[in-house]
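The values are calculated or read from the model by the stated rules, or taken from the named source; none is laboratory data. Remember, it's a predicted structure, so these values are computed and weren't measured experimentally. Cβ coordinates were reconstructed from backbone atoms using ideal geometry, including for glycine residues, and neighbour counts include every protein chain displayed. These accessible areas exclude ligands, DNA and RNA; they are computed on the full protein's heavy atoms, side chains included. Shrake-Rupley method; radii C 1.70, N 1.55, O 1.52, S 1.80 Å.
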Amino acid sequence: MKIAVVGATGMVGTVMLKVLAERNFPVTELIPVASERSAGKKLPFKGNEYTVVTLEDAVKMNADIALFSAGGDTSVEWAPKFADAGTTVVDNSSAWRMDPTKKLVVPEINGDVLTKEDKIIANPNCSTIQLVMALAPLHEKYQMKRLIVSTYQSVSGTGVAAVRQMENETKGIEGEMAYHYPINRNAIPHCDVFMENGYTKEEMKLVKEPKKILRDDSFAVTATAVRIPTAGGHSESVNVEFVNDFDEAEVRQLLNDFPGVVVQDNLETNTYPMPAFAHDKDEVFVGRIRRDESLPNTLNMWIVADNLRKGAATNTVQIAEYLVANELV
Ligand SMILES: NC(=O)c1ccc[n+]([C@@H]2O[C@H](COP(=O)([O-])OP(=O)(O)OC[C@H]3O[C@@H](n4cnc5c(N)ncnc54)[C@H](OP(=O)(O)O)[C@@H]3O)[C@@H](O)[C@H]2O)c1
């Protein structure tokens, strides 16, 4: 497979190269792509060095698959050009996610929606992916009615500039600000831009994307997204009301049995998911599983995953793997 990685020098792109190598994805030719600023730069991959090219050059190289993580504007302009050149695009930005003509895919949940005709495929938002991974088996069994999600999101979700801001602040160095406020020793209830309804775009992604992935818009969702000074992954406090009652032991079993989900939940040993330990792992970790005693059929849980792995690069590569395994490219 001739694989283009668009945004190869960025946070997600760097992990994408690592995940492609780790999972032994059948790459016969790698095309790392970034902005003109990075053209000519060398990037290592599986013991070789590859030269970063521009989008203009990359589109002519007719890759089989292009994995995009270079921002929404780049995707809007360039994904159709790659698709027209016969390349299947898996896109990490929010550009195509809610487009009714494009599939929004978490392979463990709805990989079966993909066909050969899908030339631009959307990867969901990082906080959505870990959320639906834990909800999918429970929704199937008990039917969600209402979901309240509050996020505690890593600075790595904003990109290299935000990680640099946090590092500078911890060292007392003045530098460029990726956020309006200091992030070190802070919690900023503002992820992505504000919308007319008073929610942020990140919060509305959490409201809309799960319904598309789970192919069900019968449940209600409300969200608050908060940026915190951590770098290892996103955490989510989730309160979910089901139509049907559940058994807590069965909930744990259903979660553990779901591919890619690991239950970490033992109060005697102080075992629960944390971003420092989810960092660099592909799994979604779930803990603090307990009944909400204030409402019938309602569950609380705490979900953590590395936003650059399952939240971005790993899920994108898994979509590519699904395409190859099912001969869709
Ligand atoms: N971070 C996350 O957790 C996460 C999760 C899911 C999805 N995403 C999405 O993935 C995308 C990238 O995020 P990131 O965190 O990796 O950002 P980042 O660290 O800032 O990296 C951005 C990448 O895009 C490239 N780029 C920027 N403008 C470009 C242009 N005009 N033409 C070609 N390449 C361009 C950059 O190249 P240069 O190095 O040359 O500037 C760099 O490789 C965004 O759409 C983001 O929403 C991020």
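When 324, 243 are checked against the criterion of being within 20 Å of residue 15 (Cβ to Cβ), surrounded by fewer than 18 Cβ atoms within 10 Å (Cβ to Cβ) and away from the ligand (no atom under 15 Å from the Cβ), a single residue qualifies: 324. If you check 17, 43 for being within 13 Å of the ligand (Cβ to nearest atom), open to solvent by less than 20 Å² (accessible area, probe 1.4 Å), under 20 Å from residue 308 (Cβ atoms) and not hydroxyl-bearing (Ser, Thr, Tyr), only one passes: 17.
Give the residues of the range 20-37 that are within 10 Å of the ligand (Cβ to nearest atom), touching a residue at least 24 places away in the same chain (Cβ under 8 Å) and part of a loop (DSSP other than H, G, I, E, B), sorted by residue number. Give the steps one after another, and end with the answer.
In the first step, residues of the range 20-37 are kept if they are within 10 Å of the ligand (Cβ to nearest atom); the result is 32-37.
Of the ones still in play, those that are also touching a residue at least 24 places away in the same chain (Cβ under 8 Å) are 32-35.
Answer for the range 20-37, where residues must be within 10 Å of the ligand (Cβ to nearest atom), touching a residue at least 24 places away in the same chain (Cβ under 8 Å) and part of a loop (DSSP other than H, G, I, E, B): 34, 35.
A single member of 40, 71 is without any contact (Cβ under 8 Å) to a residue 24 or more places away in the chain and not hydroxyl-bearing (Ser, Thr, Tyr), and it is 40. Here's a check for you: in the range 284-300, which residue that is in contact with a strand residue (DSSP E or B) (Cβ under 9 Å, 6 or more places away or on another chain) and open to solvent by 70 Å² or more (accessible area, probe 1.4 Å) is nearest to residue 156 (Cα to Cα)? This residue is 288.
Out of the residues in the range 64-87 meeting the condition of being buried (at least 23 other Cβ atoms within 10 Å of the Cβ) and β-branched (Val, Ile, Thr), tell me which one is nearest to the chain's Cα centre (by Cα).
Going residue by residue through the range 64-87, those that are buried (at least 23 other Cβ atoms within 10 Å of the Cβ) are 65-70, 75, 79, 82, 87.
This time we only want the ones that are β-branched (Val, Ile, Thr), so: 65, 87.
Numbers: 65: 19, 87: 22 Å.
Across the range 64-87, the extreme among qualifying residues is 65.
The set of residues in the range 71-123 that are assigned to a helix (DSSP H, G or I) and more than 25 Å from residue 58 (Cα to Cα) comprises 107, 108, 109, 110, 111, 112, 113.
Go through 155, 149 for me and flag whichever is crowded, with 21+ Cβ neighbours inside 10 Å and over 27 Å from residue 89 (Cα atoms). Write out each step before concluding.
Details: 155 fails: over 27 Å from residue 89 (Cα atoms).
None of the others qualify; the one that does is 149.
Residue 126 fulfils the conditions (1) open to solvent by 30 Å² or more (accessible area, probe 1.4 Å); (2) within 19 Å of the chain's Cα centre (by Cα); (3) near the ligand (Cβ under 10 Å from one of its atoms); (4) at pLDDT 95 or above except for a single criterion, (1).
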